[in-house]
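Structure, as structure tokens:
The values are calculated or read from the model by the stated rules, or taken from the named source; none is laboratory data. In this text, all values refer to a predicted model and were calculated from it rather than measured experimentally. Heads up, the Cβs are rebuilt from the backbone with ideal geometry, glycines too, and the neighbour counts pull from every protein chain shown. Ligands, DNA and RNA are stripped out before the accessible areas are found, and what is left, the full protein with its side chains, is counted by its heavy atoms. Shrake-Rupley method; radii C 1.70, N 1.55, O 1.52, S 1.80 Å.
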Amino acid sequence: MTQTCTERDRLPHAVFLKRLAGAPTATSVDGRLGNGAFLALRLVDLLGPGSEPAHPDAFRYQHAATERMCRELPATSTETGHLTGLVRSAAEAFRSRNPGQVIPALLAYAHHLEDELRLEEALDVLESLVAVAAERLGCSDAIAAQLRIGRVNRKLNRFDAADMAYALAGLLAEAAGDVHSAFLSRVGRALSVQARGNLAMAEQSFHEIAAEARGAGEREIRAHAEHALGTTLLLRGQVAEAIIHVWRAFEFYEDQASRLRTLNDLGVMLLALGRVDDAERALNEVVRGGGARDNVSNALIELMHCASYRRDRMGFERRRVECESRAEEMPPNILADFHLKVGIGSARFGNFRKARALLGEALNVAARSDLHELVFRIERIMAGLHDCATECETKPHTGAEPAISTEALQEVSASLARLDSVPNGRR
């Protein structure tokens, strides 16, 4: 189990107070939402087994104060809706003496925070769920919570904690005969292996999972495995093969969020082969589809990268400004990638001094977060920057390199073109 927020910060839910402290003013929307979340979760704490049961009058007083705070939050905010529902669920759970009634609201709120890239806050909510429900947490909810804890820790690059949560989810799933969740646990652990840089082991794991999922009739798991196999092959430099696996995942996925994430990765791979038109088609579909903030941020970064690839200075600067507006909320892997690709763009436009500074910033972010594969990639690019500058001084620019093309890639290209005529990319 990961460390509780109390142990990390010496105060329960301190991460929400950090949001309040970081707001421009205590009355700003973000500050008020942070304070509201802190109070709502402190109310939920009264349901837990770790202390004496709250006196009914004390609970009613704290509930009334928290409910009043929620009524003062912006009614149009999605987070306000989650907090209002959480406070309502806590009151119902207290009246029925059943802490389990608050679980759906906590899971929904954690999911919202994760989508908004508030990963530390999402982890706090998930750990609160486990602590409050304790032994009353049903098997399916326990599995779901551990899978989500594993995923959030993985996104935070806390791979040991992620692996522990995934492993626990797998044990619980196997004991319950939950084949689907057991597969999800294996996919999550293999993704952590990939993120640590052991690409050969990750590739082997995804091949095995995809084959077993096909035999078990687990279409969604096969989609996850094919998708992850594609991203692993990309990291190993086998880009054309990676694209085929990722497109296969797109066809297997049923939910729109997963399909948009797949298109994002597909855009990265297509650009790597010089297929910039196909890449922009996939990435623009992601931006139009919206959804998870991290996915849209990644798509905007890649569209900025496409613009520098085309040597479109105005397009590059426009996308750079869009990305910078999101930089404060980017997790380390996305922030490092942003600095990296702004640096590459600066080099493409001949500003090598600025490029080196930006690549250095990308390297610092990646190194602080133990993003080993990204560190190695940035170091290789920095090492070649001098040769690139010399070449640019002696050779005129002749435009983007020609795209690599195969019959399989042409089929993917044609399929992407058809997405424009179908709402939300559905076929």
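Assorted remarks:
- Flag for Glu379 being open to solvent by 20 Å² or more (accessible area, probe 1.4 Å), modelled with pLDDT under 90 and over 30 Å from Gly290 (Cβ atoms): no
- Residue in the range 122-138 that is under 12 Å from the mean Cα position of the chain (by Cα) and assigned to a helix (DSSP H, G or I) present: yes
- Just so you know, in the range 292-316 the residues that are assigned to a helix (DSSP H, G or I) and of a type in the set (D, E, K, R) include one that is most open to solvent (accessible area, probe 1.4 Å), and it is Arg313.
- Filter pass, Glu212 being in contact (Cβ under 8 Å) with a residue 12 or more places away in the chain and acidic (Asp, Glu): yes
- Of the residues making up the range 164-178, not a single one is outside any helix (DSSP H, G or I) and under 16 Å from the mean Cα position of the chain (by Cα).
- Listed by first and then second residue, the pairs linking a residue in the range 69-94 that is more than 14 Å from Gly34 (Cα to Cα) to a residue that is among the polar types (S, T, N, Q), with Cβ atoms under 6 Å apart and 6 or more places separating them unless they lie on different chains, are Val87/Thr66; Ser89/Gln101; Glu92/Gln101; Ala93/Gln101.
- The range 148-169 residues that are under 17 Å from Leu113 (Cβ atoms) and among the polar types (S, T, N, Q), paired with ones that are in a helix (DSSP H, G or I) and open to solvent by less than 50 Å² (accessible area, probe 1.4 Å) (beta carbon under 8 Å, 6 or more apart): Asn153/Leu123; Asn153/Phe159; Asn153/Ala161; Asn153/Ala162; Asn153/Ala165
- Taken together, the residues in the range 179-201 that are assigned to a helix (DSSP H, G or I), farther than 30 Å from Gly138 by Cβ and over 19 Å from the mean Cα position of the chain (by Cα) amount to 3.
- Search result, residues across the range 147-169 that are open to solvent by 10 Å² or more (accessible area, probe 1.4 Å) and in contact with a Phe, Trp or Tyr (Cβ under 9 Å, 6 or more places away or on another chain): Leu147, Arg151, Arg154
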